[in-house]
Amino acid sequence: MAVKLSEKIGYALGDAAAGGITWKVMSIAFPFFFTNVFGLTVADAAALMLVARLFDVVTDPMMGAIADRTQSRWGTYRPWLIFGAIPLGLVFALLLYTPDLGPAGKRVYAYALYLLMMVVYTAVNVPYGSLLGVMTDDDNEKNQFSSYRMVGAYAMGFVMLFSFPYLQRMVGGDPKHQYAVLGVVLGAVAALGTLACGLLTKERLKPVRAEKFSFKPFADLFRNKPWIYLTLIGICTNFFNGFRYAVAAYLMEYCLHGDVTVMGLVINYTVFMMFGEATCMIFGGLCPWFTKKMGSKHKAFSWAAVICAVSSILFFFIPMDPAWIWVMIANVIVTSVGIGLYSPLLWSMYADVADYATEKNGTSSTGLIFSSGTMAQKFGSAISGALVAMLLGVAGFISSTDPVTGETVISITDMESVQTMIWSLFSLFPAAIALLIVLLLKLYPIKK
C-alpha cells in the first residue's frame, strides 16, 4: 500500500522542528551565544558541552529501550512526539534566556537548562527516528521518508538561518533580549512541528517485543558489526557538520571582521551557512535518484564524503578577505552537495541495521538502534562545539563575565593564531573527518 504524501510531509515536519530549528540553533549559535552573549568563559562553555555528551551516552540508549517497550493507543513511538512537543519548545525558549545572575548563578542555570534540554530532545528525537522502522517495510519507501526528513530539516534550517539576522533587528534591543524573544518564537514553532509529526504519521508495523526488560539488547549491539561501524560514521558526520557550524560565527566576526554587506544583502554567520542549507535541501531531495545512479547506498555515501573532503581542503586556501566572500559561499555550496546527499542515507542505513538486528536476534531493538543515531548527532555536534571552544582558548581567545557589571568581556592575546585556528576548524579539521568517513564506509559490511 502506497504511503500518502501528507504522511511524508508530516514526518518531514518532525525534523524541521528538531533538526531545522532546535538543533540548528544549538549547533551554530550556542558556542558563540554562551561565550559572547550569555557570558560563560570558554572553559565553562567547553565543559558544559562535554558533560552533556557524557550524560547522553547513558540517556539515549535508555530512551531507545524505553521507547521500544511503550504500548499505547497512539502506538509505540508516536506518543513521545505528541506529549513531548510542548516541553521541547518550552525548555528551548528558557535556554536562550540570559538571567540576571552572577558568574556562578549563570553557570548553574546554563548547566541545568542545557542538560534538561538534552533529556527532552532525547525523549522526542529517539522515538522520532525510530518511527522510520515501523512506518513501512518497503526499502524504497524508507529512502523516500528519509529524504523527506532531510528536506524538511534543511528547508527549515534555510528559512531560519536566512531570517535570523533580520529577526534580531526586528526584535531590537541588546543581543540578550533578541535571543530571549527568538527563543520563545522558535520554541513555539518547534513544538507545533513536533506535534503535527506525531499526529500525521502512522505505525503500520508492530515491533517484535521482548517479553521483559533485559540488558541483552545492549550487549547485542556490541556484537552487531554493522551497528558499530555505522555509529562511528554517524559520529563523524556530525563532527564534520559540528566543527563548521560551531566556528561559523567566529569566522565572520574575527576573520572577516563582522557582517559583510553585498548588494544590500547582510551576510552574517547564519546567512553564510544558509546557502549550504538550501543546497542540502535540494540534494537531500535528489538523494534517492543519486543512490540509484550509484547502484547502492554504500557507494553513494562514499562519493558524497569525497566531495566534502576535497571541498573542505580547498576552503583553507581561500584568502581570508571579505572581498572573497562569494568564493567562500561557492565552496560552502559545493561542500553541502556532499552533505545533502549523504544525510538521508545515514538514517536509511540505520533502518537496515535495525532489520539486520531483528533478523539476527529475534526481537526488535529499533528504538535502541536509532537512539545511537541521535546520540551520534548530539555527541558529534556538542563535542565539536566543545573542541572549538577549547582550541580557540589554546590559540588565545579569552571570554569571561565582568563580576561587577555582568557584561561579557572578550580579549585575544594572539589574533593571527586565533584566525588561523578558526580557518582550520572550518576547513582542515572537517576534511580529515570526511576522509575518515570514507575509510569507515569501506569497512561497513552491509553493501546494499
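The values are calculated or read from the model by the stated rules, or taken from the named source; none is laboratory data. Model, not experiment: these values are computed from the prediction. Reconstructed Cβ throughout: ideal geometry from the backbone, glycine too, with neighbour counts over all protein chains shown. The protein model used for the area step is the full one, side chains on, heavy atoms only, and it has no ligands, DNA or RNA in it. Shrake-Rupley method; radii C 1.70, N 1.55, O 1.52, S 1.80 Å.
For segment 22-35, indicate whether the set of residues that are without any contact (Cβ under 8 Å) to a residue 24 or more places away in the chain and part of a helix (DSSP H, G or I) is non-empty. Spell out the reasoning first.
Going residue by residue through segment 22-35, those that are without any contact (Cβ under 8 Å) to a residue 24 or more places away in the chain are none.
Looking through segment 22-35, none of the residues is without any contact (Cβ under 8 Å) to a residue 24 or more places away in the chain and part of a helix (DSSP H, G or I).
Of all residues in segment 380-391, those satisfying the criterion of being at pLDDT 70 or above and farther than 13 Å from F429 by Cβ are A386, A389.
Restricting the search to segment 106-140, which residues are open to solvent by 30 Å² or more (accessible area, probe 1.4 Å) and modelled with pLDDT under 85? Matches in segment 106-140: D137, D138, D139, N140. Please verify whether segment 55-69 includes one or more residues that are open to solvent by 10 Å² or more (accessible area, probe 1.4 Å), over 30 Å from G102 (Cβ atoms), without any contact (Cβ under 8 Å) to a residue 24 or more places away in the chain and not in a helix (DSSP H, G or I). The answer is no; no qualifying residue exists. Taking segment 217-295 and the helices (runs of 4 or more DSSP H) fully enclosed by it, the elements with 3 or more residues that are under 15 Å from the mean Cα position of the chain (by Cα) and buried (at least 21 other Cβ atoms within 10 Å of the Cβ) are at 225-250, 269-285.
Tally up the residues in segment 42-54 that are closer than 12 Å to A386 by Cα and either among the charged types (D, E, K, R) or open to solvent by 20 Å² or more (accessible area, probe 1.4 Å) (or both), please. Write out each step before concluding.
As a first pass, look at segment 42-54 and keep what is closer than 12 Å to A386 by Cα: 42-53.
Those still in the list that are either among the charged types (D, E, K, R) or open to solvent by 20 Å² or more (accessible area, probe 1.4 Å) (or both) too: 43-44, 47, 50-51, 53.
The qualifying residues number 6.
Only residues that are buried (at least 17 other Cβ atoms within 10 Å of the Cβ) and assigned to a helix (DSSP H, G or I) were counted in segment 70-85, giving 7.
Against the test of being at pLDDT 80 or above and of a type in the set (A, V, I, L, M), the options V37, V42 yield a single qualifying residue, V37. Has segment 309-323 got at least one residue that is of a type outside the set (A, V, I, L, M), in a helix (DSSP H, G or I), in contact with a helix residue (DSSP H, G or I) (Cβ under 7 Å, 6 or more places away or on another chain) and touching a residue at least 60 places away in the same chain (Cβ under 8 Å)? Yes, because at least one residue in segment 309-323 is of a type outside the set (A, V, I, L, M), in a helix (DSSP H, G or I), in contact with a helix residue (DSSP H, G or I) (Cβ under 7 Å, 6 or more places away or on another chain) and touching a residue at least 60 places away in the same chain (Cβ under 8 Å).
What residue, among those in segment 231-274 that are farther than 23 Å from M421 by Cα and not small (G, A, S), is modelled with the highest pLDDT? Quick ask: steps written out before the conclusion?
Initially, segment 231-274 is screened for residues farther than 23 Å from M421 by Cα, giving 231-234, 261-266.
Still in the running and not small (G, A, S): 231-233, 261-263, 265-266.
On the way: T231: 86, L232: 89, I233: 92, T261: 76, V262: 75, M263: 71, L265: 73, V266: 72.
Here the answer is I233.
Just to be sure, is A17 of a type outside the set (S, T, Y), part of a helix (DSSP H, G or I), modelled with pLDDT of 80 or more and over 30 Å from I410 (Cα atoms)? So A17 fits the description; yes.
Annotation: V327 fulfils all but one of (1) open to solvent by less than 10 Å² (accessible area, probe 1.4 Å); (2) free of Cβ contacts under 8 Å to residues at least 24 places away in the same chain; (3) not polar (S, T, N, Q); the unmet one is (1).
Residue check: is M294 in contact with a helix residue (DSSP H, G or I) (Cβ under 9 Å, 6 or more places away or on another chain), among the hydrophobic types (A, V, I, L, M, F, W, C) and under 22 Å from F158 (Cβ atoms)?
Numbers: in contact with a helix residue (DSSP H, G or I) (Cβ under 9 Å, 6 or more places away or on another chain): yes; among the hydrophobic types (A, V, I, L, M, F, W, C): yes; under 22 Å from F158 (Cβ atoms): no.
Taking the combined requirement at face value, the residue does not satisfy it.
Check segment 332-339 and report whether any residue there is within 28 Å of Y128 (Cα to Cα), modelled with pLDDT under 90, surrounded by 23 or more Cβ atoms within 10 Å (Cβ to Cβ) and not small (G, A, S). First the steps, then the outcome.
Going through segment 332-339, the residues within 28 Å of Y128 (Cα to Cα) turn out to be 335-339.
Cutting the leftovers down to modelled with pLDDT under 90 gives us none.
No: segment 332-339 contains no residue that is within 28 Å of Y128 (Cα to Cα), modelled with pLDDT under 90, surrounded by 23 or more Cβ atoms within 10 Å (Cβ to Cβ) and not small (G, A, S).
State all residues of segment 190-203 that are part of a helix (DSSP H, G or I) and buried (at least 18 other Cβ atoms within 10 Å of the Cβ); if no residue qualifies, say none. Those that are part of a helix (DSSP H, G or I) and buried (at least 18 other Cβ atoms within 10 Å of the Cβ): A190, A191, G193, T194, L195, A196, C197, G198, L200.
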